[in-house]
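Here's the structure we're looking at; comments come further down.
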Amino acid sequence: MTRITIIGGSFGGLTAAFELQRLCGKDVDITVISEDDRFVFLPSLPWLVMGWRMPGDISLRVGEILKRKGITFLHEAAREVDAETAKVYTATKEIPYDYLVIATGPHLSFDEIPGLGPDKGFTDCSFTLDHAVGTGESWRKVLESPGPVVVGSSQMVSCFGPSYELAFEMDDELRRRKMRHKVPILYLTSEPYIGHMGVGGLGNSKRFFEDEFAERDIKSIVCQSIEEVTPGEIKLKDGAKIPFKLAMIAPPFKGVPAVAALGNPRGFIPVDGNYRHTKYKNIFAIGVAIAIAPPEPTPVPVGVPKTGFMTVRMAKAAAATIYSEIKGTTPPSPEEMEVLCILDMGRTAAFMKASPLLPPRQESYTKKGVWAKWLKVAFERYFIYKMKHGLSNLP
Ligand SMILES: Cc1cc2nc3c(=O)[nH]c(=O)nc-3n(C[C@H](O)[C@H](O)[C@H](O)COP(=O)(O)OP(=O)(O)OC[C@H]3O[C@@H](n4cnc5c(N)ncnc54)[C@H](O)[C@@H]3O)c2cc1C
């Protein structure tokens, strides 16, 4: 029986596991290793910060779900992959594999900037459930005792959407409470311009976000690296100092240490069009874990985002490729990657599309409407339902 090991139990890892089980049935023995026994619908974390969602609304325990599907779940961190002997090591186990799927997401590299991060530093972050709960507490302190808010991204970030969302949502909530004039909001970013988002913009996103920021009196500082953070102050590489009461700053992204040796200098895994490792033919990588070269050089380095939508497509493509190899059939042709994203803006939302992912493009736009907000809410419910029931065959 073919042994397939998957590291990561989120958008990529769960989709790959369900899809491989669906395609291969009893011909495979699948093990999912994840250091978190929950699936968390990360796109709803900004809503959790705002107090519009509770952790239980947007998370599921994955052990039971996988067991029902006949998939083994190992709630442990992978420590190392030995690609030569085809084994994954955890603290207690040695797991041999015929195929390995790496879906480990990012390592949030707070240590690269002194004073950054909620654990050892002075800033908040909303990229994990636990961090977002903490950011929510900091936000409620701002509501009780107003002061300046900074949201944004440090250098080497490759996920900008949530910071835009929080800037708009905080603006909206403050206006609802009639206290917007008491809380200056600054959007601080490594992007070369507003709306770049690591992909060279999406249609008119530069003008769109500049206009929205102007209308809502959200100030911005672009193209910046953070030197260090001290209590209540961010120091930029150009010497400028920015005071804050709450700073939600996305940290530099890296590949996770357990798989970094298989990747580029920042630990992201190089893959071909079917998400197969460029050197190890029985290793696949999907989602945030993979390396994608930026579309253009930028004065401050930024990474290319790998959205949930992209991650699910990668997981299905990798699963179909492994299935074809097991069956001895022709692998699927590589597909052009594209971005579809709904960015929440409080009472409304923006629908963003870029096809293909990087410019020049066939189609690319950013459109605003309350319909996009309802689409985002519906998508949240739909995706959590899909994961709860392991329905990877649904779109
Ligand atoms: C706040 C936020 C908002 C977002 N909003 C959107 C949105 O609106 N639309 C959209 O399309 N995308 C959005 N995204 C992006 C989307 O969430 C990601 O594309 C998606 O989560 C990537 O899935 P992944 O499986 O690659 O990695 P992740 O979701 O990061 O999961 C990685 C998994 O690997 C596990 N893991 C890591 N290291 C190890 C180890 N050593 N051993 C075992 N397990 C390990 C983790 O516990 C986790 O289960 C958002 C992301 C964030 C953070």
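On a 0 to 90° scale, report how tilted helix 205-216 is relative to the longest principal axis of the chain, with both axes built from alpha carbons and the result rounded to the nearest 10. So the inclination is approximately 40 degrees. Taking all Cα pairs closer than 8 Å and separated by 6 or more residues, the relative contact order of region 110-252 comes to 36 percent.
If I fit a long axis through the Cα atoms of helix 11-24 and take the longest principal axis of the Cα atoms of the chain, what angle between them do I get, 0 to 90°, rounded to 10? The angle comes out near 20 degrees.
For the chain, the antiparallel share of DSSP beta bridges with both residues in that region comes to about 55%. Taking the chain as a Gaussian network of alpha-carbon nodes connected by springs under 10 Å, the highest mean-square fluctuation of the residues Pro252, Pro192, Pro356 belongs to Pro356. Helix 129-144 and the longest principal axis of the C-alpha atoms of the chain enclose an angle of approximately 10°. Projected label points at Lys353 and Lys178, each 7 Å from Cα along the beta carbon direction, are separated by 4.2 nanometres. For region 110-252, the mean projected area of the C-alpha convex hull, equal to one quarter of the hull surface, is 8.0 nm².
Only the Cβ atoms of Lys and Arg (+1) and of Asp and Glu (-1) were treated as charged; on that basis the dipole of the chain about its Cα centre amounts to roughly 960 debye. Extent along the principal axes, Cα only, for the chain: 64, 41, 41 Å, with the longest axis given first.
Where does the charge balance sit around Gly115 when Lys and Arg score +1, Asp and Glu -1, over other residues with C-beta under 15 Å from its C-beta? Charge balance in the 15 Å sphere: -3. Extending 7 Å from Cα along the Cβ direction at Tyr89 and again at Lys245 yields two label points whose distance is 5.0 nm. With contacts taken as Cα pairs under 8 Å and at least 6 residues apart, the chain reaches a relative contact order of 19 percent. Separation of the alpha carbons by more than 24 angstrom is noted, of Lys141/Lys367; Lys141/Lys182; Lys26/Lys306; Lys281/Lys353, for Lys141/Lys367; Lys26/Lys306; Lys281/Lys353. When both region 119-191 and region 192-253 are represented by their alpha-carbon centers, they are found 11 Å apart.
None of the figures in this text is laboratory data; all of them are computed from the coordinates on show. All values derive from a computational prediction rather than experimental measurement. All Cβ positions, even for glycine, are placed from backbone atoms using ideal geometry, and neighbour counts span all protein chains on display.
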